Amino acid sequence: MKVEEKYDVVVIGGGATGAAVARDCAMRGLKTLLLEKEDFAYGTTGRCSGLLHGGPRYLLTEPEIVEASCKESGVIQRIASSLVFRVPFLLLVFKGDKYGIDLLDAYFREYDRYSRARGGRPHTVLGRREVLEANPLVSREVEGAIGFDEFGVDVFRLTLLTALSAEKHGAKLMTHCEVVDIGSSRVRFYDKVRGRLLEARFEVAVNAAGPWAPQVAKLAGARVELRLTRGTHLIYPRQLFTTAIAMQAIDGREVMLIPHQSSMLLGTTDEDHYASPDEAYPTRDEVMYLLQAAYRAVPALREVKPVRAMAGVRPLLPEWGKREEDVTRGFRVIDHEELGEASLISVVGGKMVLHRLMAEEATDLICRKLGAREKCRTHLEAIDGELSWRAEPTPRSESYCCECERVLASGVKEAVREHARTLVDVRRRTRIGMGLCQGVSCSYKAALTLAGELKLSPREALRQLRELLEERWRGRWPIAEVSSHELTELAHGVYSCLAALEVYA
Ligand SMILES: Cc1cc2nc3c(=O)[nH]c(=O)nc-3n(C[C@H](O)[C@H](O)[C@H](O)COP(=O)(O)OP(=O)(O)OC[C@H]3O[C@@H](n4cnc5c(N)ncnc54)[C@H](O)[C@@H]3O)c2cc1C
């Protein structure tokens, strides 16, 4: 077994939280190793709605979380400005809805107070005619709306650039490395790409494994309890309108249609989840529940077909006797004492928008343990990077590898420099296969380019191609009933022939 050198800190998990802990530790001069079992943003981070929102609905129960989220939204807008976009929202009100316009107006007056920290404009109240002028696709049954601002972010690049910033400050990043054992001052991890077991020693290990945190704690004989809730989104391949729409579902919960990059997300659900976080799949009931709410608010949506569904698992703090959506979005930094001389810390709960703050609190604790005196600077230094390869190709230069998402072949090569080790990793960095064709017309081109870059054998290149197509297909079959039949047939045919897949007929 290869033994890595000794680190001050080993961070387990490369979601938004783990990447931010690694960055903060490295910026404070601590020798840091980050271990991720798949890829950056593989977990909940890569399956969230991507909103840097205060969450107006938590105002009554958790105003301190709303305030912290609004402040952090402002911070992320400053340090990752090229990844953040404004999302103007219309919260629609229909007859029979749980909350009327007057109540919502009073409520949003309070939210305005908090939202100044994130540069959101004060809310407005719109009458029926104004709503229909702003968005003619909204149902004519609408009675009015509240207009307000939120901000969205590219979560894949936010997590990746946070990790790359950690690397720039001296951290070592290892993806596809699953921690399989945590002992007194050493971790053992398995490199799935190279097929070998490695070991690293540490002073402090940080469990930032999101919904997997209970399993990771158990490896060290420690205990973490969470309440996991599954959230499903449907994805439309283009933006149908530029304003996001919030509306009430049949049970009074809020559901949103959010323009996100080149697509539109419809979500989300909130259901207790008892299976492994690796087994979070959308159910037919969730799909129908979301569509029911969306068709009521925007009937024209019946004519537009989603291309896939995806589910993620929220790693919430455990609370008994509450409905899923009422469970706290607060977070906790837990100092376990089970490990002898070395320390184990778990960072759990929270929201993506709070990841930097969660990391700051965890790193403050690590510094106290190690006697380090450096102060946090993660809110002051930008993490932005350039996306040089998503350019217009000139006639004499290269062509697009993925036409839906306008990714050049050099994007695949750039992804390799950004720690992509598989074709699915390339998807997370470039969005290949995430557009209308869902990989049907681009995945083999990307696989060829990647095989050249990583010197993959034909067998391995084909295995990775199959892995990407299977992943895309898994998101397609829950919506087969409501998606375009022609596209589903085409995808089914290509998936079956190209990679001899076992399809879910
Ligand atoms: C549907 C949905 C919508 C959401 N929308 C929003 C939103 O709009 N805004 C917002 O602020 N929040 C949102 N959230 C919440 C937010 O996504 C999460 O709170 C946040 O992303 C959690 O990040 P994390 O890094 O803690 O966990 P994760 O992103 O899950 O990262 C944990 C990582 O640990 C790795 N790991 C696990 N075990 C091991 C091991 N043994 N060895 C090495 N690595 C391991 C996993 O592979 C994973 O990558 C949403 C959540 C859901 C489910």
Residues located in region 398-425, provided they are farther than 18 Å from ARG47 by Cβ and part of a helix (DSSP H, G or I): ALA409, SER410, GLY411, VAL412, LYS413, GLU414, ALA415, VAL416, ARG417, LEU423
Residue in region 104-121 that is within 12 Å of the ligand (Cβ to nearest atom), of a type outside the set (Lys, Arg) and under 25 Å from the mean Cα position of the chain (by Cα) present: no
Leading residue by the ranking (surrounded by the fewest Cβ atoms within 10 Å (Cβ to Cβ)) among those in region 34-57 that are within 11 Å of the ligand (Cβ to nearest atom) and part of a helix (DSSP H, G or I): GLY46
Residue check, ASP251 closer than 30 Å to GLN438 by Cα and more than 11 Å from the ligand (Cβ to nearest atom): no
Conditions (1) away from the ligand (no atom under 13 Å from the Cβ); (2) at pLDDT 95 or above: number failed by GLU5: (2)
Scope region 254-291; condition over 20 Å from VAL155 (Cβ atoms), more than 13 Å from the ligand (Cβ to nearest atom) and crowded, with 20+ Cβ neighbours inside 10 Å; matching residues: VAL287
Residue match in region 226-235 (condition: in contact (Cβ under 8 Å) with a residue 12 or more places away in the chain and either more than 13 Å from the ligand (Cβ to nearest atom) or of a type in the set (Ser, Thr, Tyr) (or both)): yes
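Per-residue answers, yes or no, for (1) hydroxyl-bearing (Ser, Thr, Tyr); (2) more than 18 Å from THR243 (Cα to Cα); (3) at pLDDT 95 or above; (4) buried (at least 16 other Cβ atoms within 10 Å of the Cβ):
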| residue | (1), (2), (3), (4) |
| --- | --- |
| PRO122 | no, no, no, no |
| VAL131 | no, no, yes, yes |
| GLY144 | no, no, yes, yes |
| ASP149 | no, no, no, yes |
Tally, over region 203-225, of residues that are away from the ligand (no atom under 14 Å from the Cβ) and of a type in the set (A, V, I, L, M, F, W, C): 1
ALA22 vs. criteria at positive phi and within 13 Å of the ligand (Cβ to nearest atom): no
Residue that is surrounded by the most Cβ atoms within 10 Å (Cβ to Cβ), among those in region 329-382 that are within 16 Å of the ligand (Cβ to nearest atom) and free of Cβ contacts under 8 Å to residues at least 60 places away in the same chain: PHE331
Region 4-33 residues that are crowded, with 24+ Cβ neighbours inside 10 Å, paired with ones that are of a type in the set (Ser, Thr, Tyr) and assigned to a strand (DSSP E or B) (beta carbon under 7 Å, 6 or more apart): VAL9/THR32; VAL11/THR32; ALA22/THR32; CYS25/THR32; ALA26/THR32; THR32/TYR7; LEU33/TYR7
Hey, THR61 surrounded by fewer than 16 Cβ atoms within 10 Å (Cβ to Cβ) and either within 13 Å of the ligand (Cβ to nearest atom) or assigned to a loop (DSSP other than H, G, I, E, B) (or both) or not: yes
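The values are calculated or read from the model by the stated rules, or taken from the named source; none is laboratory data. All of these numbers come straight from a predicted model, not from anything done at the bench. Cβ: placed from backbone, ideal geometry, glycine included. Neighbour counts: every protein chain shown.
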